[in-house]
Amino acid sequence: MLSRAAATVGGMTITDEDCLPETLAFNEKFEAAAASRPAREQAPSAAELALLRRNRLGADTPPVRLEHGQDRVVAGGVNVRTFVPDRVDGVHLHIHGGSWAFGSADGQDERLWRLAVEARLAVVSVDYRLAPEHPFPAGPDDCETAARWLVEHAAAEFGTERLLIGGDSAGAHLTVLTLLRLRDRHGITGAFRAAHLLFGAYDLSMTPSVRLFGPRPLLINTDGLRGAYEMFTPGMGAEQRRDPEVSPLFADLAGMPPARIVVGTEDPLLDDSLFLARRWESAGAPVRLDVIAGAMHGFTLFPLTITEREQRRERDFLATA
């Protein structure tokens, strides 16, 4: 019998229904606060973009930069930030989110260090180049380079060849592109034993849930995603964005590793995860799909019960993958 915390609907597991009142109350509060702020252009100007980056997208407090993190340059020019605990049983290549235009490898030090210690993983976070200054394919190129470096040097650098990969939002998209590039350009499959994909965008021509989400200001919405896609892939139309090198939902997914795919029911990118999970599994790899009841896009950025649970599930998945 299913607990109040999880239910299966239409073949997918909806988790954390026991937290739904708290989650929806937070969404309502967030939406009201966002609606009270003045609207800005769909695509920010260079000055607005610089200000948003300095303010970390309006976060209440700046992220904590820990001494455990080490900034490095690998493979002739890609910046990464590493977190190495006393015990290392594997290496996790982390790719941050931020609509391909925001974020950095030092933006989640506390979370990544906790993951490193609790899952016994060396964590390598990629500081890939950002749009619009560096549009597609700059970001994917950097992630591909970092992944190849790790495949070739993990044993010497960290004492293990057990590799994992994952990211959130734009980082989840870049994670899948990285695995596909390793396979298609370098013949590398199986090097990464598992992928953790958190509320990612996998069809940049816009899935139905993105098109229908509308203006609700739950961190990101239809116009926000349209603007992000345009900044990342300027000059491309919808058909061009369906190219598998841009939108991994349309790629041949044969040879992908086991994956855990996570998304909230109130995320405009819901269909992206549902569709990718089905195609990933059809291509032959095991998939665990967790749909979080009431969760909006980016919910793990906020102090919620579902955030605590999700971080624990991510740790457990990566520790045992």
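The values are calculated or read from the model by the stated rules, or taken from the named source; none is laboratory data. Keep in mind that what you see is a predicted model, and the values were worked out from it rather than measured. Because the Cβ atoms are built from the backbone with ideal geometry, glycine has one as well, and the counts that use them run over all protein chains shown.
Some observations on this one:
- Look at (1) in contact (Cβ under 8 Å) with a residue 12 or more places away in the chain; (2) crowded, with 16+ Cβ neighbours inside 10 Å and you find that Thr189 fails only one, number (2).
- Of all residue pairs spaced 6 or more apart or on separate chains, none has beta-carbon atoms under 9 Å together with a first member in region 305-321 that is closer than 17 Å to Ile165 by Cβ and a second member that is at pLDDT below 95 and in a helix (DSSP H, G or I).
- Strands (runs of 3 or more DSSP E) wholly inside region 57-172 that include at least 1 residues being at pLDDT 95 or above, in contact with a Gly (Cβ under 7 Å, 6 or more places away or on another chain) and not aliphatic (A, V, I, L, M): 78-83, 90-95, 163-168
- Residues that are in a helix (DSSP H, G or I) and touching a strand residue (DSSP E or B) at 6+ places or on another chain (Cβ under 9 Å) were ranked within region 173-203; the one that is nearest to His94 (Cα to Cα) is Thr175.
- Of the residues making up region 239-287, those that are free of Cβ contacts under 8 Å to residues at least 40 places away in the same chain and of a type in the set (D, E, K, R) are Glu239, Arg241, Arg242, Asp243, Asp252, Arg278, Arg279, Glu281.
Yes/no matrix, rows are residues, columns are (1) surrounded by fewer than 24 Cβ atoms within 10 Å (Cβ to Cβ); (2) touching a Ser or Thr at 6+ places or on another chain (Cβ under 9 Å):
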residue	(1), (2)
Gly98	yes, yes
Asp106	yes, yes
Val117	yes, no
Pro137	yes, no
Asp141	yes, no
Glu144	no, yes
His173	no, yes
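- Pick from region 236-256, criterion buried (at least 19 other Cβ atoms within 10 Å of the Cβ) and among the aliphatic types (A, V, I, L, M), ranking: nearest to Leu174 (Cα to Cα): Val246
- Verdict on Leu253 being in contact with a Leu (Cβ under 6 Å, 6 or more places away or on another chain), modelled with pLDDT of 95 or more and not basic (Lys, Arg): no
- Count of region 74-112 residues which are farther than 26 Å from Phe232 by Cα and touching a Cys at 6+ places or on another chain (Cβ under 9 Å): 0
- Criterion: among the basic types (Lys, Arg) and within 21 Å of Val246 (Cβ to Cβ) - qualifying residue of Arg211, Arg216, Arg162, Arg193: Arg211
- Among (1) within 17 Å of the chain's Cα centre (by Cα); (2) within 15 Å of Ala170 (Cα to Cα), the one test that Thr233 misses: (1)
- For region 263-321, a tally of residues being touching a Lys or Arg at 6+ places or on another chain (Cβ under 9 Å), surrounded by fewer than 19 Cβ atoms within 10 Å (Cβ to Cβ) and not charged (D, E, K, R) returns 2.
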